[in-house]
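Before any comments, here is the structure.
The values are calculated or read from the model by the stated rules, or taken from the named source; none is laboratory data. Note that this is a predicted model, so its numbers are computed, not measured. As a convention, Cβ positions derive from the backbone with ideal geometry for all residues, glycine included, and neighbour counts pool all protein chains shown.
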Number of protein chains: 2
Amino acid sequence: MGTDGGRAGATGAAGSLGVGAPVVGVIGAGQLARMMQPPAVALGVRLRVLAARADDCAAQVIPDVVLGSHDDPDAVVAFARGCDVVTFDHEHVPTAVLERLIEQGVAVHPGADALLHAQDKAVMREQLGALGVPVPRWTRLDAASVDAAMHTAAQFARETGWPFILKAIRGGYDGKGVWRIETPQQLREVVETAHERGVELIAEVLVPFVRELSAQVARSPHGQAVAYPVVETVQRDGVCREVYAPAPGLGADRSAQAQRIALTVARELDVTGMLAVELFQTADGALSVNELAMRPHNSGHWSIDGAVTSQFENHLRAVLDLPLGAPTPHAPVAVMANVLGLDLPDVYPAYLHCMARDPGLKIHMYGKAVKPGRKIGHVTVLGDNLGDCVERATHAAAYLRGEIDE
Amino acid sequence: MGTDGGRAGATGAAGSLGVGAPVVGVIGAGQLARMMQPPAVALGVRLRVLAARADDCAAQVIPDVVLGSHDDPDAVVAFARGCDVVTFDHEHVPTAVLERLIEQGVAVHPGADALLHAQDKAVMREQLGALGVPVPRWTRLDAASVDAAMHTAAQFARETGWPFILKAIRGGYDGKGVWRIETPQQLREVVETAHERGVELIAEVLVPFVRELSAQVARSPHGQAVAYPVVETVQRDGVCREVYAPAPGLGADRSAQAQRIALTVARELDVTGMLAVELFQTADGALSVNELAMRPHNSGHWSIDGAVTSQFENHLRAVLDLPLGAPTPHAPVAVMANVLGLDLPDVYPAYLHCMARDPGLKIHMYGKAVKPGRKIGHVTVLGDNLGDCVERATHAAAYLRGEIDE
């Protein structure tokens, strides 16, 4: 047997890759857990999901489903029994629950210390600043009282200017928990509501970015890492609408800088599994970090159809401490567009139309009931020309939500 | 809504592609049904499998499993209830069972009339001959008695020469049910055993082929068809070991001829879903049909990683009468190698080694216990150079079965 013959990551009962395959437990059963199932099927890895409801996206396609809440320590510990490793569909598992798991000897990837940086925006910014990674200027609002928070915010605004951004330190996603503050009155409203709800805030300068980028890496417990091509993400109303892979016109130096930032963050924070570093780019080309996600991320969905190894496969390989797969793209350009629910009662006719219009279109539906604004699927197209790919992907995404009928 | 807005294929209760997605019932739960699950997850299509055992390959990865036998009409009819369409993992469902399903109003693809040609080698050869599709010279042995069968075979051998081939009309696969007949004594042994077991035989000339090819097409009930690149299949001991896509050095004319044969067979026999036409090529370049398979086929596994739309996705799209996806390859060359079980007690260390050696390797494990000679998985590599791809794929396949240790 060769030098890599040891069983590094899977520590449990998994024997052969026959009926005793390694078991990866996924806390949360949304679309990210769902999209782990195709590579798990190929790799011969078994998934077990902790689902809130029996019809959650991932619970529809994975046989081994445990119903329970991600913030119930007993439920999570019981779920983890028999898993070779536990990972996540989302970042909302409380630190105390993660620590209970680790106490019980469960392999958890990413670990609690790493994950804290994706859960707590203040801790992340402090740590990244200490590592010399560029982050926009920010401050933590004094949470002692509304007046104390108003005082910190007013001082921050005096020094950096209006408008500025407030963000909830924990729990935000898809534009939720982020407020653009134009006036002292808006400031007071957000601060008062946050104080009532026990939500702590940071203030951050409004970065005059010209576009947003995402740099994704996979990193395994033994320290191997691979970097995906840096992509551009197009957001509307705080929600990712399209992803262009690779980021058009991004120079080799900037691309390497973004990948270096992601590799540094992954190594220094000991991230295991997929890491996405969301970046702002300003007119002078400079980059700064907006947010981190320690899991497969919307900005990497293009890789399912567009790369030799998708982010979902590399996430599984990483958390099992298996060697990572090549992130090499299949085509010069990949464009992904999210399908947001609008008011189409039955998506099926639109789905059929889109397949007929474009035989190269890759459609992904998450098994969700359609609700306005909800991400219910995505489409990806590959090609040689960015403009063509954007037209094909955005047409299909708009058609599938019922925005257009031609 | 556009012109293609009707609900053509899915006729059952399927509503949106949310929680009421179309349900495809698959009779049989082997690796082919298993490999339908990844595209079903993406398409938002639900699979239900009829499995002989709870740990069958596909039953490990699909939540909706019904235990039962494919030749029990009541079990099959009960299984089909609530499916929008029923399709197959294998071709062994008796015609009477299929007819019961169709009587009950179940949409079955491929249909019983088409499927008969993949089940009965004599019917297939008669029909293909009538269509003008080239088949090797053959005859049906008289099944009335051993002496009658010997008489027909001897006459066939006198006319066409020794050695020749005997094949069981029904039930053979992977070299089983095929005998190379060198001597009259061998002939008598096979004929006597077949007669005892009630197995009917055909005799066929031994085609002096230089290689074997496979032409795959997908065809939908409304008559749309797409042709995959023609591939070369490398067999040893009657079992497919490697597939080269596209077939090296096959001229455009021969390639078009092979695709035309497959499209003709699909249309004339009213095949729905995937069809594989296995072909012999002789030294003069001429093609003749060896066998048909009306389901996803080993010769198309390369398409999972190597084409825009895999054979498994196009099979689902075809049986649901959805528009078909592009079969366009991602790379100039794809090579697939089957992993046959040998005597490696635990595949995991070899699996880890292969991933470390080749980050571009795509490994597929079927969740089977390892038994000598059994197909337990396959590997695929993409590249620009056939020699490199063959080395990478065959090395990994040999390593995973424990044939080599370096």
Seminar exercise, completed: A careful count of residues in segment B:196-233 that are without any contact (Cβ under 8 Å) to a residue 24 or more places away in the chain and among the charged types (D, E, K, R) gives 3
For this session: Please find, within segment A:369-391, the residue that is surrounded by the fewest Cβ atoms within 10 Å (Cβ to Cβ) out of those that are at pLDDT 90 or above and within 12 Å of chain B (Cβ to nearest Cβ).
Result: A:Gly383
For this session: Test A:Val66 against the stated conditions and say whether it is within 14 Å of chain B (Cβ to nearest Cβ), more than 30 Å from A:His195 (Cα to Cα), over 20 Å from the mean Cα position of the chain (by Cα) and touching a residue at least 40 places away in the same chain (Cβ under 8 Å).
Result: no
Problem set entry | Hits in segment A:219-239 - residues which are closer than 11 Å to A:Gly300 by Cα and either surrounded by fewer than 18 Cβ atoms within 10 Å (Cβ to Cβ) or among the hydrophobic types (A, V, I, L, M, F, W, C) (or both) | A:Val230, A:Val231
Seminar exercise, completed: Filter segment A:27-54 for residues that are assigned to a loop (DSSP other than H, G, I, E, B) and in contact (Cβ under 8 Å) with a residue 40 or more places away in the chain; the one that is nearest to the other protein chains (Cβ to nearest Cβ) is A:Val45
Exercise. Is segment B:266-280 home to any residue that is within 14 Å of chain A (Cβ to nearest Cβ), surrounded by fewer than 23 Cβ atoms within 10 Å (Cβ to Cβ) and among the charged types (D, E, K, R)?
Worked result: no
Problem set entry | segment A:298-308 - residue that is out of contact with any strand residue (DSSP E or B) (no Cβ under 6 Å at 6 or more places or on another chain) and in contact (Cβ under 8 Å) with a residue 60 or more places away in the chain and, of those, nearest to the other protein chains (Cβ to nearest Cβ) | A:Ile304
For this session: For segment A:251-266, indicate whether the set of residues that are among the charged types (D, E, K, R) and at pLDDT below 95 is non-empty.
Result: no
Problem set entry | Only one of A:Val49, A:Val19, A:Val45, A:Val23 that is out of contact with any helix residue (DSSP H, G or I) (no Cβ under 7 Å at 6 or more places or on another chain), at pLDDT 95 or above and either closer than 25 Å to B:Lys368 by Cβ or surrounded by fewer than 18 Cβ atoms within 10 Å (Cβ to Cβ) (or both) | A:Val23
Exercise. Which one of B:Arg219, B:Arg211, B:Arg236, B:Arg197 is away from chain A (no Cβ under 14 Å), within 25 Å of A:Met355 (Cβ to Cβ) and among the charged types (D, E, K, R)?
Worked result: B:Arg219
Problem set entry | Candidates B:Arg236, B:Arg241, B:Arg295, B:Arg260, filtered to the one that is closer than 30 Å to B:Gly360 by Cα, free of Cβ contacts under 8 Å to residues at least 12 places away in the same chain, out of contact with any Ser or Thr (no Cβ under 7 Å at 6 or more places or on another chain) and basic (Lys, Arg) | B:Arg236
Problem set entry | Sole residue being touching a Lys or Arg at 6+ places or on another chain (Cβ under 7 Å) and facing another protein chain (nearest Cβ under 7 Å), chosen from A:Gly325, A:Gly360, A:Gly341 | A:Gly325
Problem set entry | Filter result for B:Val199 (among the β-branched types (Val, Ile, Thr) and part of a strand (DSSP E or B)) | no
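Here's the yes/no breakdown for (1) part of a helix (DSSP H, G or I); (2) more than 23 Å from A:Thr309 (Cβ to Cβ); (3) in contact with an Asp or Glu (Cβ under 8 Å, 6 or more places away or on another chain); (4) not acidic (Asp, Glu):
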position: B:Ala369; (1), (2), (3), (4): no, yes, no, yes
position: B:Pro372; (1), (2), (3), (4): no, yes, yes, yes
position: B:Val379; (1), (2), (3), (4): no, no, no, yes
position: B:Cys389; (1), (2), (3), (4): yes, no, no, yes
position: B:Arg392; (1), (2), (3), (4): yes, no, yes, yes
position: B:Ala398; (1), (2), (3), (4): yes, no, no, yes
position: B:Gly402; (1), (2), (3), (4): no, yes, yes, yes
Problem set entry | Given (1) of a type in the set (Ser, Thr, Tyr); (2) under 16 Å from A:Pro327 (Cα atoms); (3) more than 16 Å from the chain's Cα centre (by Cα), number of the condition A:Ser214 does not satisfy | (3)
For this session: With a cut-off of at least 2 residues that are under 30 Å from B:Thr328 (Cβ atoms), name the strands (runs of 3 or more DSSP E) lying wholly within segment A:251-354.
Result: A:273-282, A:333-340
Problem set entry | Looking only at segment A:378-397, and only at residues there that are among the small types (Gly, Ala, Ser) and without any contact (Cβ under 8 Å) to a residue 60 or more places away in the chain, the one that is farthest from A:Pro359 (Cα to Cα) | A:Gly387
For this session: Among the numbered conditions (1) at negative phi; (2) in contact (Cβ under 8 Å) with a residue 40 or more places away in the chain, tell me where B:Thr95 comes up short.
Result: (2)
Exercise. Here are some conditions: (1) at pLDDT 95 or above; (2) closer than 25 Å to B:Val123 by Cβ; (3) not in a strand (DSSP E or B). B:Pro229 meets all but one. Which one does it not meet?
Worked result: (2)
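Listed here are the residues, each with its yes/no results for (1) in contact (Cβ under 8 Å) with a residue 40 or more places away in the chain; (2) farther than 27 Å from B:Glu268 by Cβ.
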residue	(1), (2)
B:Leu128	yes, no
B:Gly132	no, no
B:Met150	yes, yes
B:Lys167	yes, no
